[in-house]
């Protein structure tokens, strides 16, 4: 069993030309005993965004704090603290932070793609 304190999370920059103001930390995965998946935490600064992309795996999201937008294919969803989201496989998606406060969320993906 692993307990990860929020104050111990170490974020790293998410690189790319189509990314702005995004950091990420892998929090729980194989090192902590969860062999099949990885729980990651993303933080998007005001005005920031993840790339618009698609891939063969799904992911599950939980909004920790703030508010933002989740683009799923051609639909934009407003999300905020305590909301959940499911991104199906092969669906174009993107997270954006149009607010003036950080937007932080959990993203769970299969271990082999983390």
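What follows draws every value from the coordinates through simple rules; no lab data is involved. These figures come from a predicted structure and were not determined experimentally.
General observations
- Average silhouette area of the range 6-60, convex hull of alpha-carbon atoms, in square nanometres: 4.9
- Inter-centroid distance (Cα atoms) of the range 50-70 relative to the range 71-114, Å: 2
- Over the C-alpha trace of the range 20-113, radius of gyration and Dmax come out as 12.8, 37 angstrom.
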